[in-house]
Every structure is written in C-alpha cells, then in structure tokens.
1. Antiparallel DSSP bridges in the chain: what percent, to the nearest 5?
2. Classify region 102-167 from the C-alpha gyration tensor, please: rounded if a/c falls under 1.5, else prolate or oblate depending on whether a/b exceeds b/c.
3. Per the 1.4 Å probe, what fraction of the accessible area of region 1-92, in percent, lies on carbon and sulfur atoms?
4. In the calculated pair distance distribution of region 129-180, what percentage of Cα-Cα distances lie above 15 Å?
5. Please say if region 1-150 is rounded, prolate or oblate, where rounded means a/c under 1.5 for a ≥ b ≥ c the square roots of the C-alpha gyration tensor eigenvalues, and otherwise the choice is prolate for a/b larger than b/c and oblate otherwise?
6. Any idea which of VAL91, THR54, VAL115 is furthest toward the positive side of the dipole for region 37-125, if Lys and Arg beta-carbons carry +1 and Asp and Glu beta-carbons -1?
7. Below 8 Å between Cα atoms, with a sequence gap of 6+, how large is the relative contact order for region 55-180 in percent?
8. Near the amide H of VAL109, under 5 Å away, which other amide H atoms are found, from residues 5 or more places off or on another chain, if H is placed in the peptide plane?
Amino acid sequence: MRPPRRAAVAVVLLDDPQRGPGVLLTRRTSKLRDHPGQFALPGGSLDPGEDAVTAGLRELDEELGLRLGPSDVAGLLDDYPTRSGFVITPVVMTTGVALESLVPSPDEVARLYHVTLDELDVEPYYLEIPESDRPVVQLPIVGHRVHAPTAAVMLQFTEVALHDRATRVDGLEQPVFAWR
C-alpha cells in the first residue's frame, strides 16, 4: 500500500465589496485527471520541498490568479484523509480583493463561486451508504449538493469560524464516486 500523497487546499475568505464576505469554491474542469467535474477548493498536491501553506498559496495563484502571501494565512484546519489516497491540509486565508479581479485558469476551473457566509451556514445532509459505516456528508450550496472532502472542509470552517465550535470532520465519509 502506497503512503498517502500530501495535498493542500485554500479556504479563502474573500470580503467582496459587492457580495460581502464569503468563501471561494470551484468546479473542476472535465479535462482534469483527478476528480474531473467535481466541486473543489483551490488546491493540489504538494511539490517536493513544499509545506501545506506554500502549496496552498501556489495553487491559489495557479488556479485563480490570486497571489497572496504568508501574512494572509489565518491558520490551518484539520487534515482530511481521502479515499483516493490524499491527506488534504486546509489552509485558511483572508483577502479583500474584488471577485471580478480573479482570473480562473480555464485548464483547471470550469466555474468559480463566491459562497457568502450566510449561504455557507446551512444544515448539512448525512447519508448512509452500504460501503461504509461512516456518514457521507453533503452541503446544499450553489444549487447543488457538494460532497466531501470539500463539504467536510467547508463544514469544519463554518463550525470553527462562524460558530466558534471545535468540530472534527475526519469521521465523515465521501461518496463512492470520489473514492477513485
């Protein structure tokens, strides 16, 4: 069994002048090798010599054209191990740039969403599946049900940042289609 690959995602709290504060969410293009067409936070695998913060900042720049620095990092959420062989470290960042100034990479991002904090603060759905004894988590946002790992990370962010509740999400399952 191979050791898990390290990855980082950027949980970007963007205070857009028009929409107010919210978190950036992407829909991956169908051309990507890993998890095509799925909802995701900007991010990817750590390059050799990188830590999660460096990788999260690099991926954010590559995917959305948003160049932030270490001083924009507010902290880290819990690592989330995925069924597809990754351990994802969520890096929380803050910025006040306008949403319109972002330039999503057409090679990686099919669509960019700005999910306001009110839109993010929803009751999650929990489903049972025969393949696991852990509940599958879904968040009803952006007109869809967003699944873990993205839903798990966003749920933990909501609980910690908006409600000041220590919440673990590593016991939440992903849907079977995300296991590959």
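1. Working: 29 of 40 bridges.
Antiparallel bridges make up about 70 percent of those DSSP assigns within the chain.
2. On the way: a/c = 2.17, a/b = 1.29, b/c = 1.68.
Note, shape of region 102-167 comes out oblate.
3. The C+S portion of the solvent-accessible surface of region 1-92 is 52 percent.
4. 48
5. Details: a/c = 1.57, a/b = 1.16, b/c = 1.35.
Oblate shape, in that a/c is at least 1.5 and b/c is the bigger or equal ratio.
6. The residue sitting most towards the positive pole is THR54.
7. Details: 175 pairs, mean separation 28.4, N = 126.
Result for region 55-180 is 23 percent.
8. THR29
The values are calculated or read from the model by the stated rules, or taken from the named source; none is laboratory data. In this text the structure is predicted, and so the values were computed from the model without any measurement. FYI the Cβ positions are ideal-geometry reconstructions off the backbone, even for glycines, and counts take in every protein chain you see. Note: accessible area is taken over every heavy atom of the protein model, side chains too, but ligands, DNA and RNA are not part of it. Shrake-Rupley method; radii C 1.70, N 1.55, O 1.52, S 1.80 Å.
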